[in-house]
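Participant: First the structure, which I've put down as C-alpha cells, then a few questions once you've had a look.
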Amino acid sequence: MAVSVLDMSMSLDGYVADSDDYLGGVDGERLHKWADDPGTAGQFQEEWDAAGAVLSGRRTAELMDHWGGDHNGNPIFVPSHRPPAPAARWGYPLVTYVQDGIESAMAQAKAAAGDKNVQLRGGAYTVREALAAGVLDEVQIHLIPVLLGRGRRLFDVLPAEIELEIVEVINTPAATHIRYRVR
C-alpha cells in the first residue's frame, strides 16, 4: 500500500520559499544547496526515484511548469479549486487536476502509485490541507542551517496540534534530515 511522504527543504525559522517564491537566500536556491553534494543527495535519490506518483500544490506545479508533464515518469495530481491552465489540460496527459478536495487527490495518487510511495512536492497550503485532512503519512524535512527571516512558512497555521514520531535523523554538514511519521 502506498505511503504519502512530504519531502521538503526548510530554513531553521520555518521558511520554504521567500516572498517571491524563490527557494530562499540571495541566490534563490539556498534551501537546496545540500543536494549539490552527490553523497548526501545520493542517500535520498533512491527514495525519490522509487516514488509511484506525485501530489503537488497548484502554485508549485505551475511554477515548475508541471515538471514538463510528468515527474520522473510518474503521474502528477494537483488538488485545486479551479480548472487547470491549458498546458496542463491538453499538453500534459500525466497531470491530473482534482477539484473535489485533498482527500480525493491523495486517494487518486495512492491508487496510481500502487505499492510505491506518493511524494508530496511542495505547496505549503497543500501540505497544511493534507495534514488537516489526515492524508499525509510521513514528513521528511531537510532542515537547513540558515535563518531567512521572511517568506512562506511551511507550518504557518494548522487547525490543531499534530503529533509526529521521529523515524530517522541524518546529520550532514549542509543539513539535518529528519523523517517523521504522522500519528
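The values are calculated or read from the model by the stated rules, or taken from the named source; none is laboratory data. If you're wondering where the values come from, they're calculated on a predicted model, not measured in any experiment. Note: ideal-geometry Cβ built from the backbone for every residue, glycine included; neighbour counts use all protein chains shown.
Participant: Of all residues being buried (at least 18 other Cβ atoms within 10 Å of the Cβ) and over 17 Å from the mean Cα position of the chain (by Cα) in region 88-97, which is farthest from ASP65 (Cα to Cα)? Just the residue, please.
Facilitator: LEU94
Participant: Still on this structure: Given the criteria buried (at least 22 other Cβ atoms within 10 Å of the Cβ) and either farther than 25 Å from VAL157 by Cβ or not basic (Lys, Arg) (or both), does THR126 qualify?
Facilitator: Criteria met by THR126.
Participant: With more than 14 Å from the chain's Cα centre (by Cα) and surrounded by 14 or more Cβ atoms within 10 Å (Cβ to Cβ) as the only criterion, which of SER19, SER56, SER9, SER104 stands out?
Facilitator: SER104
Participant: State all residues of region 112-150 that are over 12 Å from the mean Cα position of the chain (by Cα) and either closer than 23 Å to GLU161 by Cα or free of Cβ contacts under 8 Å to residues at least 24 places away in the same chain (or both); if no residue qualifies, say none.
Facilitator: Residues of region 112-150 that are over 12 Å from the mean Cα position of the chain (by Cα), as a first pass: 112-117, 129, 131-135, 137, 143-150.
Those that are over 12 Å from the mean Cα position of the chain (by Cα) and either closer than 23 Å to GLU161 by Cα or free of Cβ contacts under 8 Å to residues at least 24 places away in the same chain (or both): GLU129, LEU131, ALA132, ALA133, GLY134, VAL135, ASP137, LEU143.
Participant: Next question, about the same structure. State the number of residues belonging to region 122-148 that are part of a loop (DSSP other than H, G, I, E, B) and within 19 Å of THR176 (Cα to Cα).
Facilitator: So the answer is 5.
Participant: Against the condition under 21 Å from LEU136 (Cα atoms), out of contact with any helix residue (DSSP H, G or I) (no Cβ under 9 Å at 6 or more places or on another chain) and either among the β-branched types (Val, Ile, Thr) or surrounded by 14 or more Cβ atoms within 10 Å (Cβ to Cβ) (or both), how does LYS33 come out, does it pass?
Facilitator: no
Participant: Would a scan of region 29-49 turn up a residue that is on the phi < 0 side of the Ramachandran plot, at pLDDT below 80, of a type in the set (A, V, I, L, M) and touching a Ser or Thr at 6+ places or on another chain (Cβ under 8 Å)?
Facilitator: Checked against the condition, which is being on the phi < 0 side of the Ramachandran plot, at pLDDT below 80, of a type in the set (A, V, I, L, M) and touching a Ser or Thr at 6+ places or on another chain (Cβ under 8 Å), region 29-49 yields no hits at all.
Participant: A further question on this structure: In this structure, does VAL167 turn out to be modelled with pLDDT of 95 or more and within 17 Å of LEU55 (Cα to Cα)?
Facilitator: Spelling it out, it is not the case that VAL167 is modelled with pLDDT of 95 or more and within 17 Å of LEU55 (Cα to Cα).
Participant: Please name all residue pairs, on different chains or six or more residues apart, with Cβ atoms under 7 Å, provided the first residue is in region 42-65 and is in contact (Cβ under 8 Å) with a residue 60 or more places away in the chain and within 15 Å of ALA112 (Cα to Cα) and the second residue is of a type in the set (D, E, K, R) and surrounded by 19 or more Cβ atoms within 10 Å (Cβ to Cβ).
Facilitator: VAL54/ARG121; SER56/ARG121
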